[in-house]
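Here the structure comes first, spelled out in structure tokens, and everything after it is commentary.
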Amino acid sequence: MSRVSQAQMKKLLDLLSENGVLVDGRVMYTKTNKQNFWKRIAVQLNAVEGGVYKNTWKWAKMWADWKNKTKKKANILLNRKKYRTDQTTPTLTNLELRLLKMINFPIEDKNDAIALEMVVSKEGSEPTEEFQAEFLKQNYGDGDILQDKSDIEDDVDDEKTLECFSGVESKFCDVGDILDDDKLGDEDPDEDSSDFEEKMKYQEKKFKRRKMSLEEYKVRTSLKIEKDRVQQKGEELRLRALELKLKGEELRLKEIEMNKINYLTSIEEEKLKCFQEICSCLKEFVERTRSGTFRYHNAL
């Protein structure tokens, strides 16, 4: 289970709606630093029954992603109302509407704010999260069509919040070097431009850039895998060479041992010959001694 429950999302809004926590839509870290603040938030969210467990870095990232996606959906609703298009429009849940009010989402006038609330109330049944995520992914990618200065500042603030956890708890692969949003964002059209076709062409161009980046990422990944495979083969050959070297040393030691055994065997054979010669000499000496004594007695 990896999806955050509604109870945890409501609990997160309750914690962030405390006095002094959010100022102009930004988290203010008073009397504590960022890590301690999100550690306290993570402990309380992980304690919610029936919810998922996430570490400190993941909860901070979840808040940043949720806030950005909600602002994108609100921009889509207002944009569809402005251009009066008949395309499928994502709806805002009560929690998302509450989030927009908490972060002081900038709306041009009160009529837009009332229209936004009316759209949310008249949509009827809320669509599933899978439908909303798929809608944002297919039609608008990861970028906003209408992004004002406050959104840019919030994104920078969220990136700084997540950077403080990157060296502590983050163990994920960063694909930012391939899909660099900054490079893709350099060619954004003017915010005040009202040419909808130009914006759609820009979105199509961005999608092609991302597709090329993904293909480049696949090529780099395959090259990296091949390189690791070659290195692994080299390590196997090196270990095989060490094994053969150890086997040669073992054979050399056995040869030395056999030479020692042969040398000792030859010495034993020499000793045996010497003892045999000594025995024969002693026998001859005893016989001569006996024969000499016998002749001496006979003479007497």
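Read-outs: derived from the displayed coordinates by stated rules, not from any lab. Quick caveat: nothing in here was measured; it's all calculated off a predicted structure. Cβ atoms come from the backbone with ideal geometry, glycine included; neighbour counts cover every protein chain shown.
Remark: 196, 275 ranked as 275, 196, counting other beta-carbon atoms within 10 Å and listing the fewest first. For segment 59-67, 3J(HN,Hα) computed residue by residue from phi via the Karplus equation (6.51, -1.76, 1.60; θ = phi - 60°) reads 5, 5, 5, 4, 5, 5, 5, 4, 5 Hz, glycine and proline entered as x.
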